[in-house]
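Bear in mind these aren't lab numbers, they're just calculated from the coordinates by the rules spelled out. None of these values were measured; they are calculated from a predicted model. Methodologically, a virtual Cβ is constructed for each residue, glycine included, from the backbone with ideal geometry; neighbour enumeration extends over all protein chains shown.
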Amino acid sequence: MSSDHRLGLRPATTEHTDKSLQVDGEIPSWLDGTLVRNGPGSFAVGDRRVNHWFDGLAMLRRFAIDDGEVRYTNRFLRSRQFRHVREHSRLRLREFGTDPQWRGLGRLRRFGTRVATDNASVDVVYLGGRHLAATETPRWTAYDPETLRTRGPREFDDEVGRAGPLAHVHYDPFREETVGVATRFGLRSEYLVYRVPDGNERREVLAHIPIHQPGYLHSFALTPNYIALLVPPLRTTPLALLRDRPFVESYRWQPERGMRIFVVDRESGELVTNARTAPCFVFHHVNAFEREGALHLDVAAFEDASVVDAFRLDAFDSSDFSPPGAELRRLQIGLASGHVVARTLHPGHVEFPTIHYARHNTRPYRYVYGVGTEERSPQGFSDRILKVDLKERSGQFQTSETWTEPNVYPGEPLFVPRESPQADGERGDDVAEDDGVLLSVVLDADAERSFLLVLDAATMAERARAVFSKPIPFDFHGQFYRTGERPTRSMA
Ligand SMILES: [Fe+2]
């Protein structure tokens with residue numbers, strides 16, 4: 001029997017409701033709320049499989065933490081795609097890396113059909129008073145945060161319209177608004193930057209940035225006064241997108257174009273800096289801040305876009321899977337000059353980066369958490385949780401502290417501060433930045449099951465684990481919502 005990372009690709013076959021998990025160790029008494037996570041739960045379409053990890057059918061997972069106990073709920077999102085797959089054993093809509101393979105008349109009908117998927121598996125977003133499963137098409141889906149039952153499509157009728165949004169948005173508690181980005185594909189393609197002030201539902205467009213051949217965007221950077229888009233040279237054209245093939249296969253890596261950086265003023269919506277630097281590929285921004293006339297953008301940077309293909313299921317589902325790694329990199333961009341200086345912050349693989357988001361997003365900060373591999377190992381599937389200290393000593397950053405065990409594969413570690421930033425009212429600067437816990441869903445391949453890990457973020461020592469009886473498929477992103485408080489974001 002296999003006992004390696006591939007257990008994280010095994011489909012979830014049962015939907016559980018409030019299943020009580022065995023807790024080993026002691027969950028801090030202050031940790032009271034729900035961790036909601038999103039990701040693929042099954043890859044099967046009839047007797048075949050989708051091509052790519054990103055194309056699995058969305059499954060929401062909920063870990064309710066209360067008085068030291070943990071209850072687990074999971075529900076597949078009842079999207080049109082999900083229902084079609086279950087009824088007809090075929091995809092209905094185009095996924096990131098898999099096409100529905102239209103034939104005959106279906107091929108003609110395609111032009112009259114909205115083909116973007118509603119299989120929203122990437123993230124969860126609280127917006128306009130609703131809990132939404134989010135993806136990179138306009139077709140987000142509302143769900144019930146208690147039961148995880150699907151409430152129905154949430155399709156926006158506003159200024160952003162049917163542009164393709166990023167599934168990652170930012171929430172800025174200082175300005176009390178959500179900020180997002182979308183790509184409008186067309187003869188004159190453009191990026192749209194939008195904002196949703198608290199209490200509103202409509203997305204107001206703040207800026208239009210024309211782009212001849214749009215680059216693939218997955219996340220972006222926010223500071224108190226600016227929004228920055230890093231546009232990698234993974235580019236497409238509207239014509240390419242019309243062809244009969246999966247979304248991502250319309251993109252081509254064109255390193256000669258370099259990395260474009262657009263900086264937009266959040267007040268005026270004007271493009272204030274348009275810079276270019278060496279090519280790299282970025283899924284995830286870590287954080288950004290302003291200092292002395294420059295923006296500091298911290299990202300998990302891949303050398304190229306080969307990581308996208310690396311997560312095709314035929315590669316991922318092999319015993320010697322070894323995807324390329326991303327290094328933690330800081331890009332310092334002169335706001336007036338557009339001059340870019342790049343610097344490595346950590347010399348090994350770090351992905352699914354998180355920070356003390358509530359207090360330090362858009363601000364200077366010290367700690368990055370993430371999943372990674374052995375330091376300086378350029379490749380490999382993440383098998384540990386890292387904490388990188390960005391405080392410089394003698395011109396060097398601290399090597400990271402890690403949590404790992406043999407044959408474990410952890411997911412995104414979300415930081416939950418002990419002190420609630422909302423209950424504080426103020427920023428609580430006298431509280432240490434790492435005073436809290438990390439929550440990560442970990443596959444224990446030897447035991448053939450997954451557990452929710454609670455780590456002390458200050459020491460990286462285990463506080464507790466809540467053990468499920470089987471492997472839970474690898475997920476992408478999630479948020480922690482404190483009981484009794486307005487839901488807010490734990491990461492971008
Ligand atoms: Fe992401």
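Packing here is the average count of other Cβ atoms within 10 Å per residue, and on that basis the peptides 14-21, 257-264, 448-455, highest first, run 448-455, 257-264, 14-21.
No solvent, one uniform scatterer per C-alpha: report log10 I(q)/I(0) for region 339-492 via the Debye equation at q = 0.18 1/Å, two decimals. Values returned for q = 0.18 Å⁻¹ are -1.13. Per-residue ellipticity at 222 nm computed for the chain from its helices equals -1500 deg cm²/dmol, with DSSP H segments shorter than 4 residues left out and the rest contributing -39,500 (n - 2.57).
Calculated translational diffusion coefficient of region 5-482 (10 °C, 1.306 mPa s; Stokes-Einstein with Kirkwood radius over alpha-carbon pairs) equals 70 µm²/s. Annotation for region 277-309 versus region 352-404: alpha-carbon center distance of 14 Å.
Length gained on full extension, residue 257 to residue 470, computed as 0.36 nm times the residue gap minus the Cα-Cα distance: 72.1 nm.
When both region 122-175 and region 183-262 are represented by their alpha-carbon centers, they are found 18 Å apart. Overall dimensions of region 65-210, expressed as equivalent-ellipsoid semi-axes from the Cα gyration tensor (√(5λ), whole Å, largest first), are 27, 25, 11. For region 204-306, the alpha carbon convex hull comes to 115 Å³ per residue, rounded to a whole number. Ordering of 214-224, 303-313 by packing is 214-224, 303-313, highest average first (other Cβ atoms within 10 Å, averaged per residue).
Within 10 Å, count the other beta carbons around each residue, average over each peptide in 357-364, 274-281, and list them highest first.
On the way: 357-364: 19.8, 274-281: 17.9.
Ranking the peptides 357-364, 274-281 by packing returns 357-364, 274-281.
Comparing Cα centroids, region 458-485 and region 4-69 end up 10 angstrom apart. With a cut-off of 11 Å between beta carbons, the residues surrounding residue 402 carry a summed charge of -3, where Lys and Arg count +1 and Asp and Glu -1. Taken along the Cα-to-beta-carbon direction at a fixed 7 Å, the label points for residue 430 and residue 402 span 3.8 nm.
Seen from residue 151, the other residues with C-beta closer than 10 Å to its C-beta sum to a net charge of +3, counting Lys and Arg as +1 and Asp and Glu as -1.
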